[in-house]
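A.B. asks: I have a structure I would like to understand better, so I am pasting it below and will then ask my questions one at a time.
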Amino acid sequence: MLNKLQQLIEKLSANEIRYCHWKSNSALSQVLTGETDVDFLIDRKNSDSFRLILSELKFRPAGIQGDAPFPAVEHYFAMDDETGIFVHVHAYYRVITGESLSKNLHLPIEEMLLQNLREEASIPVPVKSAELVVFTIRMMLKHTSVVELLMLSRDWKGVRREIEWLLEAKSTDETLKLVKAWLPSVETRLFSECIDALKKPAPLFRRISLGLQLRSQLSIYARNSRIQAWLSGIQKFSLMAYGRLTHSKRGMILQSGGVVIAFVGPEATGKSTLLTATRRWLGEHFVIEQIHSGKPKSTLLTVLPNVFLPLLRNALPTYRPSKIGTRQNSAEQAQKSPEVYPLISAIRSVFLAYDRRALLSRAFAQAANGNIVLCDRYPSMSKGAPDGPQLQQFVIDPKRYPIQAWLARTEKRLYQEIPAPDLVISLHVPVEVALLRNKNRGKEEPEDYVRFRHSLASNLEYRNAPIYKINTDQPLDTTVREVKNNIWRNL
């Protein structure tokens, strides 16, 4: 069991919170290891105490982006410190269930579940006869729409395993008694046929027919009309499809809001590796966007000039910013007069600043809507910063070079208008390690360039953004855990 979940269970017990893990308990082992959600039904009278305990354990409230929450249902997330795995508590104060997408039923069976409990793995769960009531309703209602049927078909083997597990206790008679007592609108004969249809299983047409009959008898508990439920299902299906397209499986956003997280550091410090690990970790639940401010996409203003950029790089290799910066650094060390930034390179620097400002403006708009934006590299106003103003490191006589001077002012203004990130993960390794990694990777940079960039990246400033410096010259799993801890503390 995850340590964070263990802490929660102990707190709930110590404070005498009345609750249970109310569904899918055949897969409880997966719940305990963080592979699936924690579905807790909590007595409404204990709701304030329950939320207080979650807050004490650093659980963060969340919701689905662009979607109104179901009534009496809340989402909370906490990170297990030892493993970095998220514990997702799906808290119910009413039994809101039905089709997966609309959950259009409120079944008045909270007391039925909370009064008929047993304990498994230190967690109170309903007895199998009570859980069979919930399972049968949930599965049969999934047979009442095409979309639900398609979703159900993907895990039909799991459905078979769960019904067999629930029927191990020979609990059908007790289940029918519970249905008669708590759901009087449902005929016990029909419910018995529904159980048999799942157990055999019956032909699909038969299951669909029984599902429609059961839905009709449960309609007294519907939250919305059939049309409203249908429209709600379409909306949620659209959001789910959008989440798939944006690589977020759950489409969740934290109620505390989104953030822009910058990963910075010189070459060969592991930015790409750690960004990939972070995206997989956060993207399992939350809406994630990853951008590369070092290589921003062209805007309408810059798309045409950028088309010719590869040709210019080949024709004028000495005009590359990396070459100019290295020569500038050598000139300063030799106390020679610095060169003037070439005009064509100065224009390119301003276009790059414009593209970066456009990219990061969109990033902050996404964060304002709840997204977590992971940024590969980030502009700094520090002199000579690799991704900051390039023209500021040159002394430009405005009388002699008026165009370069104007371009330098424009570039500086564009960078000053870029907001500071919400969090900076600053990666570093000893320069000798960086040089060794540089030789062993696919795209090797010149040694003097790696040394130069390493020296520049050591003390970059990002206004008031919190900066967490992480040494990546350690085992990868240790580094990843350190990155996760620093990020989660700031979300």
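A.B. asks: Just wondering, is there one or more residues in the range 15-31 that are under 20 Å from the mean Cα position of the chain (by Cα) and buried (at least 17 other Cβ atoms within 10 Å of the Cβ)?
C.D. replies: yes
A.B. asks: Let me ask another. Being within 20 Å of the chain's Cα centre (by Cα) and within 23 Å of Arg453 (Cβ to Cβ) is true for just one of Leu352, Leu374. Which residue is that?
C.D. replies: Leu374
A.B. asks: Looking at Gln392, Gln366, can you tell me which residue is assigned to a helix (DSSP H, G or I) and either free of Cβ contacts under 8 Å to residues at least 60 places away in the same chain or of a type in the set (Lys, Arg) (or both)?
C.D. replies: Answer to the check: Gln392.
A.B. asks: Of the conditions (1) crowded, with 21+ Cβ neighbours inside 10 Å; (2) in a strand (DSSP E or B); (3) modelled with pLDDT under 95, His106 satisfies every one except a single condition; which number is it?
C.D. replies: So the condition that His106 fails would be (1).
A.B. asks: Somewhere in the range 453-461, is a residue of a type in the set (Ser, Thr, Tyr) and either part of a strand (DSSP E or B) or touching a helix residue (DSSP H, G or I) at 6+ places or on another chain (Cβ under 7 Å) (or both)?
C.D. replies: no
A.B. asks: Which residue out of Pro386, Pro421 is over 19 Å from Arg451 (Cβ atoms) and under 32 Å from the mean Cα position of the chain (by Cα)?
C.D. replies: That would be Pro421, the only listed residue that is over 19 Å from Arg451 (Cβ atoms) and under 32 Å from the mean Cα position of the chain (by Cα).
A.B. asks: Please state which of the following conditions Ala385 fails to meet, knowing it meets all the rest: (1) under 30 Å from Gly257 (Cα atoms); (2) modelled with pLDDT of 85 or more.
C.D. replies: Single failed check for Ala385: (2).
A.B. asks: Looking only at the range 119-136, which residues are part of a strand (DSSP E or B) and more than 15 Å from Ile17 (Cα to Cα)?
C.D. replies: Glu120, Pro126, listed by residue number.
A.B. asks: Please enumerate the residues belonging to the range 55-84 that are hydrophobic (A, V, I, L, M, F, W, C), at pLDDT below 95 and assigned to a loop (DSSP other than H, G, I, E, B).
C.D. replies: Passing the criteria: Ala68, Phe70, Ala72.
A.B. asks: Yes or no: the range 16-25 includes at least one residue that is closer than 30 Å to Met140 by Cα, part of a loop (DSSP other than H, G, I, E, B) and touching a Ser or Thr at 6+ places or on another chain (Cβ under 6 Å).
C.D. replies: no
A.B. asks: If Ala363 satisfies every condition in (1) modelled with pLDDT under 95; (2) among the small types (Gly, Ala, Ser); (3) touching a strand residue (DSSP E or B) at 6+ places or on another chain (Cβ under 9 Å) but one, which is the exception?
C.D. replies: Among (1) modelled with pLDDT under 95; (2) among the small types (Gly, Ala, Ser); (3) touching a strand residue (DSSP E or B) at 6+ places or on another chain (Cβ under 9 Å), the lone unmet condition for Ala363 is (1).
A.B. asks: What are the residues in the range 33-53 that are crowded, with 20+ Cβ neighbours inside 10 Å and in a helix (DSSP H, G or I), if any?
C.D. replies: Scanning the range 33-53 gives a single hit, Phe50.
A.B. asks: A further question follows. Out of all the residues in the range 68-100, which are among the aliphatic types (A, V, I, L, M) and within 30 Å of Arg279 (Cβ to Cβ)?
C.D. replies: If the condition is that a residue be among the aliphatic types (A, V, I, L, M) and within 30 Å of Arg279 (Cβ to Cβ), then Ala68, Val73, Ala78, Met79, Ile85, Val87, Val89, Ala91 are the ones that fit.
Residue by residue, here is whether (1) in contact (Cβ under 8 Å) with a residue 60 or more places away in the chain; (2) among the β-branched types (Val, Ile, Thr); (3) under 27 Å from Trp281 (Cβ atoms); (4) buried (at least 16 other Cβ atoms within 10 Å of the Cβ) holds:
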| residue | (1), (2), (3), (4) |
| --- | --- |
| Trp406 | no, no, no, no |
| Lys439 | no, no, no, no |
| Asn459 | yes, no, no, no |
| Asn464 | no, no, yes, no |
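A.B. asks: Sticking with this one: Identify, from the list Val87, Val134, Val73, the residue that is touching a Leu at 6+ places or on another chain (Cβ under 9 Å), outside the structural domain of Val287 (by TED's automatic domain parsing), closer than 30 Å to Ile195 by Cβ and not acidic (Asp, Glu).
C.D. replies: On inspection, the qualifying residue turns out to be Val134.
The values are calculated or read from the model by the stated rules, or taken from the named source; none is laboratory data. Please read all numbers here as calculations on a predicted model, not as lab measurements. Please note: Cβ atoms are built from the backbone with ideal geometry, for glycine as well, and neighbour counts cover all protein chains shown.
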